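Here, each number is a calculation from the coordinates, and none is a lab measurement. Treat the numbers as computed from the prediction; the structure is a model and nothing was measured. Using ideal geometry, Cβ is built from the backbone for each residue, glycine included, and neighbour counts are taken over all protein chains shown.
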Amino acid sequence: MKNFINRSILLDISNVRCDMKVKHVALVLMLVGTTCAFGQSNQFIDILLETDSLSAGQAAYLVLVASERLDEKTDEAGAFKALIDLGWVSEQTQMDTPMRTKDYCYLLMKAFDLKGGLLYSLFPGPRYAYRQMVSSQVIQGRSDPAMVVTGSRAMRMLGRVFDIQEISS
């Protein structure tokens, strides 16, 4: 919707006969407005890409905001509390606990309402969520369910989930 509005504003500006300076000022204001709106998430993504061990709090924020279940203005602590309230992690899990691959897969499956195979349907949990993600090629290359997820790997997996949803929608 935002892209449509931005494009229509741009088209309206281009149809009006005005000098080049006004067009440039309008374009700069539009770009600055959209950049400021996503400032917090951009900082989060930069930090995330540099991390070697994705924490449960970071995973909660990333997945819940990406799935539009949580507002972008929420912090990691609020996202982690929402994750516990949803019942997608155990109450023993701490916000700074490193996220294992199978747990991150389960979080992705739940947040994006992905349908799993027969075993995931019968026994929904991290084990079969991991197997489903491997079979759907969300997880590529060598991996282990107990392996700690890095920030860049979490982003790649999230991107592949978006690809899967685009195809199935």
For region 80-169, take N as its residue count and report Rg(C-alpha) divided by 2.2 N^0.38 Å. 1.04
For region 47-97, the Kirkwood Rh over every pair of distinct alpha carbons, in Å, works out to 10.9
Tell me the net charge near A60. Cut-off is 12 Å between Cβ atoms, A60 excluded, with +1 for each Lys or Arg and -1 for each Asp or Glu. -2
